[in-house]
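The values are calculated or read from the model by the stated rules, or taken from the named source; none is laboratory data. Small disclaimer: the values here were computed from a predicted structure and weren't measured. Glycine also receives a Cβ, built like all others from the backbone with ideal geometry; neighbour counts cover every protein chain displayed. Please note that ligands, DNA and RNA were not included when accessible areas were found on the heavy atoms of the full protein model with its side chains. Shrake-Rupley method; radii C 1.70, N 1.55, O 1.52, S 1.80 Å.
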Amino acid sequence: MGKITEYLKSAIKQIIGNGYRTIMTMLGIVIGIAAVIAVVSLGNGMSAYVKNSLNDLAGNYGIISINTAKTAERFTRDDMEKIEEVLPNIKGVSPNLSAYGNVKGRKKTVSTSINGGSPALEYSYSNGIVKGSYFTQQQVDSGSRVCVMLLDDAKELFGTEDAIGFDVDITVWGKTSTYTIVGLRDHMNDMYQFLMAGQDYSAQIEVPYTALGADYDIGTENFEQLVLFDEQDTLAESVERAKDVVANAHNLRGSSALTAQSMADFSDQLDQILGYASKFLILVSVISLIVGGIGVMNIMLVSVTERTREIGIRKSIGASTGAIMTQFLAEAAILTFLGGIVGIILGILAAYVICSAIGFDVIITPTSVVGAAVFSVMIGLFFGIYPARKAATMKPIDALRL
Amino acid sequence: MKKLVEIKDVCKIYNPGENEVRALNHVSLTIGEGEFVAIIGQSGSGKSTLMNMLGCLDTPTSGKYFLHGQDVSHMTDDEQSDIRNREIGFIFQGFNLIPSLTALENVELPLIYRGVGKKERDRLASAALKSVGLAKRMTHKPNEMSGGQQQRVAIARAIAQAPPILLADEPTGNLDTASTKEIITIIKRLYHEGRTVIIITHDPGIASQAKRIITISDGMIKSDIINPEYKDEI
Ligand SMILES: Nc1ncnc2c1ncn2[C@@H]1O[C@H](COP(=O)(O)OP(=O)(O)OP(=O)(O)O)[C@@H](O)[C@H]1O
Ligand SMILES: [Mg+2]
């Protein structure tokens, strides 16, 4: 027992006495562990970021559609009222009319997509109204020619974001009408900018569906789709209940003519895609672990080879193989343990710095920390002990001659 | 005189096969307790090979080695380590100190492996260093000392645990005349204190101070004489 304490002390003496080698050995372990923690955290941060931005971008809505090939029934304004009656807590229901054309401002004419709906359409994007206000139910009922667009669109069309009250000419299928801007939405998020990069500028305009229908000959009594807006956690259920309401109203219970889809389904798809992304990241971190492990292995091998002579000297004055193994085991254990701790700290710091710099959430998973540390420590121990064992079982004269 | 080491018909063959070197060719030799032996011979004649065998640093290809009448050649690795620790003090031409340890720590090493407690170890190690005149160099590392001082640390290490046998393979080969004189004086004093000393040397001046002179040539003992010039003085 007393001897083992002495071998431990020998190990500590060697670690302190060989500062350079100690640092180099620890560096391999530190870098290996830190790299894995940082890479995994970066991956998780990215994954969370993509998911959040796509969710933001899309807003929380569900769509109920009627299959025109299977039934002559269509949704009506009554259906919307019934749904809002049965589900008073939802944000609203809107038809979903759309058209494509050009919009002309004082400064420029650009292409545009136009969505016609009820005031609930406001919730179709998460970027809210920052100037003016959304069009009202009254404006819908009276078929007012008012519109809402993005701050970016106003800037494009008028050269200013202060465009409330300005008129635009919207041309669709050769017909032109004048609309007054009543509200402006905030800028789209980075993800939208990213998705739209390189495409021709297109304005995104929302108008009362009554006005859209009247101006461009689109029916405003019968609809093939209704859009329902609700909070994310109740959305799926609300969509199902709304589907029941309209099914009852049109005698379509149990028919396949009605279909409902909500953001939740979309989220599942997204999860699948992100699943591939995280598998890829796991692969990347396994590769960085292996690279780190090879680094640790090399340094351990080199340092033990360098020390074969020391092992020879110790044996020549009476050290048993066990004594030398104990010392090298202790050395490798202390080095890898310290390296592991420093690596974990540096890895977490690096994850914080990198993720915050990019704007990702900092997500550190315990599995990556523990996995990386255990793997590096095992490699460090194995390659610290294995060559030492080889040297310790040599004849002392052969070890001395190296 | 009691037999201390006895080797019987020992051969050491390097690279067995085509390019084989017979470094020791059927050598038999007995050395008694308290002898002072010099081994001389041309370079490559097999002196170091013989010494390494005697010091249990190497094993013979064939033949037997008895120490205190015990057959060493069939001992396990750890038993041989123990023999080296208790019975033999080895002094190398190249000192073989551990560079990261201080003089005192180097001298303490064999005591650690012997299981001597910290206090006793300190006492023995500093006594050994004092006896070779290095009382003021205990905390110095090898690279802070001259060759002669390093060899004296190595001697202190060899004698700290008071082994009965002292083996020295050209201990002054790397040293100047003044240091050589110091080292030889110390070795002779250790002999007078009762140790068995076996020293390999190229220096006729050193060999002539030993009591018995063995000449090796081509892996065989060519002559083994009692030195007529031996004077029993330090
Ligand atoms: N590890 C080895 N492998 C192969 N041959 C060796 C080895 N060690 C020694 N020899 C050979 O064995 C012979 C004896 O070598 P040894 O070192 O015993 O000589 P020596 O008498 O000590 O010489 P020197 O006075 O130069 O030290 C030499 O021919 C040498 O080349
Ligand atoms: Mg030699």
Of everything in region A:132-163, what is farther than 18 Å from A:Lys104 by Cβ and among the β-branched types (Val, Ile, Thr)? Give them in sequence order.
A:Thr136, A:Val140
Show the residue pairs meeting these rules: Cβ distance below 7 Å; 6+ apart or different chains; first residue within region A:295-314 and in contact (Cβ under 8 Å) with a residue 40 or more places away in the chain; second residue part of a helix (DSSP H, G or I) and surrounded by fewer than 20 Cβ atoms within 10 Å (Cβ to Cβ).
A:Ile299/A:Met24; A:Ser303/A:Arg21
Just one of the numbered conditions (1) within 8 Å of chain A (Cβ to nearest Cβ); (2) farther than 18 Å from A:Lys395 by Cα is not true of B:Asp82; which one?
(2)
May I ask you to verify whether A:Val302 is open to solvent by 50 Å² or more (accessible area, probe 1.4 Å), more than 14 Å from every other protein chain (Cβ to nearest Cβ), under 17 Å from A:Leu381 (Cβ atoms) and out of contact with any Pro (no Cβ under 8 Å at 6 or more places or on another chain)?
yes
Give just the number: which of (1) open to solvent by 20 Å² or more (accessible area, probe 1.4 Å); (2) at pLDDT 95 or above; (3) within 16 Å of ligand 1 (Cβ to nearest atom) does B:Val27 not satisfy?
(1)
Got a sec? Which of A:Arg307, A:Arg314 is crowded, with 20+ Cβ neighbours inside 10 Å, within 25 Å of B:Ile155 (Cα to Cα) and either out of contact with any helix residue (DSSP H, G or I) (no Cβ under 7 Å at 6 or more places or on another chain) or more than 11 Å from every other protein chain (Cβ to nearest Cβ) (or both)?
A:Arg307
Hey, which of the strands (runs of 3 or more DSSP E) in region A:36-107, taking only ones fully inside, have at least 2 residues that are open to solvent by less than 70 Å² (accessible area, probe 1.4 Å), under 30 Å from A:His187 (Cβ atoms) and among the aliphatic types (A, V, I, L, M)?
A:97-104
Which residues, counting only those in region B:43-73, are within 16 Å of ligand 2 (Cβ to nearest atom), farther than 13 Å from B:Asn25 by Cα and polar (S, T, N, Q)?
B:Ser43, B:Ser48, B:Asn52
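For every residue, the table says whether it meets (1) farther than 27 Å from A:Ile311 by Cα; (2) at pLDDT 95 or above; (3) away from ligand 1 (no atom under 16 Å from the Cβ).
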| site | (1), (2), (3) |
| --- | --- |
| B:Lys3 | yes, no, yes |
| B:Glu33 | yes, no, yes |
| B:Gly44 | no, no, no |
| B:Asp58 | no, no, no |
| B:His68 | yes, no, yes |
| B:Val72 | no, no, yes |
| B:Thr102 | no, no, yes |
Being away from chain A (no Cβ under 14 Å), among the hydroxyl-bearing types (Ser, Thr, Tyr) and over 24 Å from B:Pro204 (Cβ atoms) is the filter here, so list the residues in region B:31-64 that pass it.
B:Ser62
Give me the strands (runs of 3 or more DSSP E) completely within region A:162-273, filtered to those with at least 2 residues that are touching an Asp or Glu at 6+ places or on another chain (Cβ under 7 Å), ordered by residue number.
A:175-185, A:202-208
Would a scan of region B:214-228 turn up a residue that is open to solvent by 40 Å² or more (accessible area, probe 1.4 Å) and at pLDDT below 90?
yes
In region A:217-225, is there at least one residue being open to solvent by 40 Å² or more (accessible area, probe 1.4 Å) and modelled with pLDDT of 85 or more?
yes
Of the residues in region B:181-213, those that are open to solvent by less than 70 Å² (accessible area, probe 1.4 Å) and either within 16 Å of ligand 2 (Cβ to nearest atom) or more than 16 Å from the chain's Cα centre (by Cα) (or both) come to B:Ile198, B:Ile199, B:Ile200, B:Thr201, B:Asp203, B:Gly205, B:Ile206, B:Ala207, B:Ser208, B:Gln209
Long-range neighbours under 9 Å by Cβ, at least six apart or interchain, first residue on the phi > 0 side of the Ramachandran plot and in the same structural domain as A:Thr305 (by TED's automatic domain parsing) within region A:22-44, second at pLDDT 80 or above and open to solvent by 40 Å² or more (accessible area, probe 1.4 Å):
none
Here the residues within region A:261-284 that are surrounded by 14 or more Cβ atoms within 10 Å (Cβ to Cβ), among the polar types (S, T, N, Q) and at pLDDT 75 or above are A:Gln261, A:Ser262, A:Ser278
Every pair of residues 6+ apart whose Cβ atoms lie under 6 Å, when the first sits in region B:124-137 and is without any contact (Cβ under 8 Å) to a residue 40 or more places away in the chain while the second is of a type in the set (Lys, Arg) and crowded, with 18+ Cβ neighbours inside 10 Å
B:Leu134/B:Arg152
Filter region A:346-397 down to residues that are part of a helix (DSSP H, G or I), open to solvent by 60 Å² or more (accessible area, probe 1.4 Å) and within 14 Å of another protein chain (Cβ to nearest Cβ), then give me how many there are.
2
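Among the candidates B:Arg157, B:Arg84, which residue alone is without any contact (Cβ under 8 Å) to a residue 60 or more places away in the chain, in contact with a strand residue (DSSP E or B) (Cβ under 9 Å, 6 or more places away or on another chain) and under 18 Å from A:Ala319 (Cβ atoms)?
Working: B:Arg157 fails: without any contact (Cβ under 8 Å) to a residue 60 or more places away in the chain.
Selected residue: B:Arg84, the only one of B:Arg157, B:Arg84 that is without any contact (Cβ under 8 Å) to a residue 60 or more places away in the chain, in contact with a strand residue (DSSP E or B) (Cβ under 9 Å, 6 or more places away or on another chain) and under 18 Å from A:Ala319 (Cβ atoms).
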I need a count of the residues in region A:376-402 that are over 19 Å from A:Glu331 (Cβ atoms) and at pLDDT 85 or above.
5
